[in-house]
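The values are calculated or read from the model by the stated rules, or taken from the named source; none is laboratory data. All figures in this text were calculated on a predicted structure; none of them were measured in a lab. Positions of Cβ are backbone-derived with ideal geometry, glycine not excepted, and every protein chain shown enters the neighbour counts.
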Amino acid sequence: MPTGGGKSLCFQVPALVKEGICIVISPLIALMKDQVQNLRDRGVMADAIYSGMHRKEIDIIFENAIYGNTKLLYLSPERLETELAIARIQKMNVNLIAVDESHCISQWGFDFRPSYLKINELKELCPDVPFLALTATATDKVINDIQTLLEIPKEHLFTKSFERTNLSYIVRHCEGKREKLLDILNKTNGCGIVYARNRKKTKEIAYFLRKNKISADFYHAGLSSEVRSKKQDSWVKNEIRVIVSTNAFGMGIDKPDVRIVVHMDMPDSLEAYFQEAGRAGRDGEKSYAVLLYNESDKMDLERAYEISYPEISEIKRVYSALGSYFQVADGSPAGRSYDFDLIEFKDTYQLDLLKTFNCLKILEKEGWIALSQALYDPSALKILVNKETLYDYQIRNQKMDLLIKTLLRAYHGLFTNYNKINEQNIANHLKTDRANVVKHIEKLANDNLVHYIPQKTKPQLTYLMEKVPVDNLAIDSKRLKFLKVRHRARLDAAIEYATILECRSALLLKYFGQENAPKCGLCDVCLEHHKKEVNHNDFQTFQLKIKRLLNKEELTIGDVVASFNQNQEKQILTAIQVMIDEGILGMEGEKLFLTD
């Protein structure tokens, strides 16, 4: 199903109807956290376990999944390889196993992850439990891999068309991209997302838009968690019209009224582009996905491709440096996570930034490590004693009494679960500052009343396998060569999409296996064909009359068509469509209006 098609409902509804718990495998921490929070807001008990969490917190979540009322448990694929997870899953009453982003299981997929190959081993632990695999970006080869590797029968394939009939795909070949972006946004109503390749560009573009009186802000993974959260909330609430971001933004955000998504740079795969562009118009209303492209984009893609596959000797050098950086000895067990500052790391060992980053990505693809972005993970707290012991402590420590009462009122289930807490909210309630609240919670922890896990804001690096001597580091060179060939094919398909003059929607649908897809009639290529169908002089005449009609009052499309001769209906509808897509006309409900 396409982005926004309702994939999560496909496992959430059965999970709630059936007895037991649904296990959801997902590689995206941001998406897991977002879905867990949304479910909890609706009164559904859900939890997530992913890299970087504290052992005690993981223990409690697993216990609640076995003995408590948890209905959905989200796990990162790496977690399935731990002895703890295997032992606990065997004790659960599992009603469904849902594999989200299931294209990750295929080497033909654009985001292949070796850890996904282990998912099928769950069938030995849960032999009678159905498996459900979901993805928004599956070509025919990826679909075949998913069904083969997860042993899903061929007849159990359900495919919703990737066609987005309300989405107009447009490519603009231009050199002055920022000026073109400004022109597009001025002619388009509603909120939007602008994707840029790097963090510096997001800030520069947002500043350029603000200077030109468009409400905009920038977003990327390098910002603090509080700043990212504030920016995201402001955009979701429409306090900011346009968010300019790297691809760190958008995953898991449920905002249906995005009217336009603009890419300032060509992504290196149509899978990534389709997913990001698909964040526009999820409410079914007319929306736009615009790519601004020029020849330098192709050169940038080529350059990035060439440095994405470093020599194995360089990969081993980075792996060895990681051990020294974290002071991790050979033989150290898998599963440990560390705060990771890439810039500090490369400076410490005098490494090239891009080469180092690509070495880390290959180590991740090979299953040795997992990298997480700087993702806000709130503080968590659980009370370790019973109610009587806590009450006795409150009587003996009057200074702590109000804090404890505030915690008990604000967060339910602290005696049985870890709860995510917000120290600033507690401070506001107590009319003090955050540092003072943290200090007193740490005293409760030191007195063994609570277990307190402070928030994490730094990127995490997790060892997924035992730390080995660098000479024993196994890198599958044959698989790397295959992935490089696949990367090249995806890159070529992306460039073809931007340069060939065929219906953009039909090209995308063909890429995802939908042969003989109909022309959309909405993309820039189709609109040019429409213009040719209408005589230029006639079009100018129609346009002038339509403008005159709408200058007097707002009218429906039917009202406008009725103002012309009956035999001109098809030409008038074409003229209206072109005027809408060129930003001359807008629509609110069923009414047309002039944008100028």
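Summary table
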| quantity | calculated |
| --- | --- |
| Arg241, sole failed condition from (1) buried (at least 17 other Cβ atoms within 10 Å of the Cβ); (2) at pLDDT 90 or above; (3) closer than 30 Å to His487 by Cβ | (3) |
| Unmet requirement for Glu466, which otherwise passes all of (1) under 30 Å from Gly323 (Cα atoms); (2) in the same structural domain as Thr406 (by TED's automatic domain parsing) | (2) |
| Residue satisfying all of: in the stretch 188-198; buried (at least 17 other Cβ atoms within 10 Å of the Cβ) and not aromatic (Phe, Trp, Tyr); farthest from Trp235 (Cα to Cα) among these | Arg197 |
| Selection count where residues are modelled with pLDDT under 85 and β-branched (Val, Ile, Thr), scope the stretch 454-495 | 1 |
| Test for Ser234: is it free of Cβ contacts under 8 Å to residues at least 60 places away in the same chain, surrounded by fewer than 23 Cβ atoms within 10 Å (Cβ to Cβ) and over 24 Å from Phe112 (Cα atoms) | yes |
| Subset of the stretch 66-87 [closer than 21 Å to Gly335 by Cα, out of contact with any Cys (no Cβ under 9 Å at 6 or more places or on another chain) and modelled with pLDDT under 90] | Ser76, Glu78, Arg79, Leu80, Glu81, Thr82, Glu83, Leu84, Ala85, Ile86, Ala87 |
| Some residue of the stretch 141-148 being touching a Phe, Trp or Tyr at 6+ places or on another chain (Cβ under 9 Å), of a type outside the set (Val, Ile, Thr) and surrounded by fewer than 17 Cβ atoms within 10 Å (Cβ to Cβ) | yes |
| Wholly enclosed strands (runs of 3 or more DSSP E) of the stretch 256-344 bearing at least 2 residues touching a Gly at 6+ places or on another chain (Cβ under 7 Å) and either in contact (Cβ under 8 Å) with a residue 24 or more places away in the chain or buried (at least 21 other Cβ atoms within 10 Å of the Cβ) (or both) | 258-263 |
| Residue list for the stretch 142-183, restricted to those being hydrophobic (A, V, I, L, M, F, W, C) and under 25 Å from the mean Cα position of the chain (by Cα) | Val142, Ile143, Ile146, Leu149, Leu150, Leu157, Phe158, Phe162, Leu167, Ile170, Val171, Leu181 |
| Residues located in the stretch 112-140, provided they are closer than 17 Å to Ala493 by Cβ and surrounded by fewer than 17 Cβ atoms within 10 Å (Cβ to Cβ) | Asp140 |
| Looking only at the stretch 58-108, and only at residues there that are part of a helix (DSSP H, G or I) and touching a strand residue (DSSP E or B) at 6+ places or on another chain (Cβ under 6 Å), the one that is surrounded by the most Cβ atoms within 10 Å (Cβ to Cβ) | Ser102 |
| Residue selected from the stretch 397-425 under the condition assigned to a helix (DSSP H, G or I) and touching a Lys or Arg at 6+ places or on another chain (Cβ under 8 Å), by the criterion surrounded by the fewest Cβ atoms within 10 Å (Cβ to Cβ) | Gln424 |
| Counted residues, the stretch 2-54 - those being surrounded by fewer than 18 Cβ atoms within 10 Å (Cβ to Cβ) and in a loop (DSSP other than H, G, I, E, B) | 9 |
| Filter result for Arg228 (crowded, with 19+ Cβ neighbours inside 10 Å and either aromatic (Phe, Trp, Tyr) or assigned to a loop (DSSP other than H, G, I, E, B) (or both)) | no |
| Scan of the stretch 523-569 for residues that are within 39 Å of the chain's Cα centre (by Cα), crowded, with 17+ Cβ neighbours inside 10 Å and at pLDDT below 85, ordered by number | Leu527, His530 |
| Residue list for the stretch 541-584, restricted to those being hydrophobic (A, V, I, L, M, F, W, C) and closer than 18 Å to Cys526 by Cα | Ile572, Leu573, Ala575, Ile576, Val578, Met579, Ile580, Ile584 |
| Any hit, the stretch 445-453, residues being touching a residue at least 60 places away in the same chain (Cβ under 8 Å) and either assigned to a loop (DSSP other than H, G, I, E, B) or at positive phi (or both) | yes |
